[in-house]
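What follows is a single structure, written as structure tokens, with notes after it.
The values are calculated or read from the model by the stated rules, or taken from the named source; none is laboratory data. Bear in mind the structure is a predicted one, so any value in this text is a computation, not a measurement. As a convention, Cβ positions derive from the backbone with ideal geometry for all residues, glycine included, and neighbour counts pool all protein chains shown.
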Amino acid sequence: MSTSAGGVQREDSGADDPTFTALARALHAARSIAVLTGAGISAESGIPTFRGAGGFWRQYDATELANPQAFAADPSLVWEFYHYRREIVSAAEPNAGHRAIAELQRRCVRQGKDFALLTQNIDGLHQRAGSTGVVNLHGSLWGTRCRRCGHREENRTMPICPALAGKGLPDASEARIPTLDLPRCAEAGCNGLLRPDVVWFGENLDREIIQRADAALESCHVLLVVGTSAIVYPAAGYAPMVRARGGTVAEFNIEPTGATSVCQFAVTGKAGVTLPRLLTAMDSLKHGM
């Protein structure tokens, strides 16, 4: 069980526990609330994290494929990997954790509070759960970007090109698709090779995304850190930033992380269980006022 300065909670504890109650009070008093999410929340929907034990696709670690050098050397292989990921996500559903965050946003909107959702995930499950204005720190699995003209667009066609149909299975051999048969730009006169519009290892986040995240956190009174180890910058600096400015930071994770020591509250358990219980605690607080 994790430890923190303010409170520790297991997922099997009730919503009337003092930790949930104290956090509900902090959310009630806050005028600006932000949520930062990572792979842990989507893992509860069956989305592989591609990290740690069992995190390989074929014989590759994700870091070997999710980088510009790999795409330049073998765009067919990288597109197979991302086609496989798109198929997994398209078959998945948002879980109770995603839905609880969407409900928290709706409550904030009704109450005139500022709300921001920052996610390191590229799967789009938050949007499917009803969240709006999501800051996609690492891009989107459903976005494409042309290497020639830079045009960006969303493309949810499955498969994204005919040549990828039936490809990408973990136990299959490499398809070695000709480059001209891979996803191409539809802008007039371009036909450049498309890449997934995600932030790969070794790449910087978009400046606009960084500015949106910073603006949300500058005025943040309560930050919920959900399902992320928070070891990759700039997200790794968000919890310390809010805490240093006098805000409240609460972590929801299945185990302690690098952010735990910064948090006033650490709730241990699955987000699909603990976040709905936080909403219940908020309801109880409202009815008792």
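I need the full set of residues from region 116-163 which are closer than 26 Å to A96 by Cβ, among the polar types (S, T, N, Q) and free of Cβ contacts under 8 Å to residues at least 60 places away in the same chain, in order please.
Within region 116-163, Q127, S131, T132, S140 meet the criteria.
Quick one: would you say A250 is at pLDDT 95 or above and closer than 21 Å to Q105 by Cβ?
Yes, satisfied.
Out of A250, A271, A281, A266, which single residue is touching a residue at least 12 places away in the same chain (Cβ under 8 Å) and under 16 Å from the mean Cα position of the chain (by Cα)?
Sole residue among the options that is touching a residue at least 12 places away in the same chain (Cβ under 8 Å) and under 16 Å from the mean Cα position of the chain (by Cα): A271.
Of E203, E255, which residue is charged (D, E, K, R), in a loop (DSSP other than H, G, I, E, B) and under 30 Å from W79 (Cβ atoms)?
E203
What number of residues within region 216-240 are crowded, with 18+ Cβ neighbours inside 10 Å and closer than 22 Å to G133 by Cβ?
Of the residues in that region, 15 qualify.
Among the residues in region 105-118, are any touching a helix residue (DSSP H, G or I) at 6+ places or on another chain (Cβ under 6 Å), assigned to a helix (DSSP H, G or I) and buried (at least 20 other Cβ atoms within 10 Å of the Cβ)?
no
Do the conditions hold for T157, that is, is it under 15 Å from F71 (Cβ atoms) and assigned by TED's automatic domain parsing to the domain that holds R86?
no
Could you list, in sequence order, all residues of region 23-65 that are touching a residue at least 12 places away in the same chain (Cβ under 8 Å) and β-branched (V, I, T)?
Across region 23-65, the qualifying residues are I33, V35, T37, I41, I47, T63.
Output the number of residues of region 7-47 satisfying the condition of being at pLDDT 80 or above, more than 20 Å from the chain's Cα centre (by Cα) and of a type in the set (A, V, I, L, M).
7
Looking at A239, is it closer than 25 Å to K113 by Cα and either touching a Pro at 6+ places or on another chain (Cβ under 9 Å) or in the same structural domain as Q69 (by TED's automatic domain parsing) (or both)?
Considered against the rule, which asks whether it is closer than 25 Å to K113 by Cα and either touching a Pro at 6+ places or on another chain (Cβ under 9 Å) or in the same structural domain as Q69 (by TED's automatic domain parsing) (or both), A239 comes out as no.
Just name the residue that is nearest to G124 (Cα to Cα) out of those in region 48-85 that are outside any helix (DSSP H, G or I) and modelled with pLDDT of 95 or more.
Going through the qualifying residues, I end up with A66.
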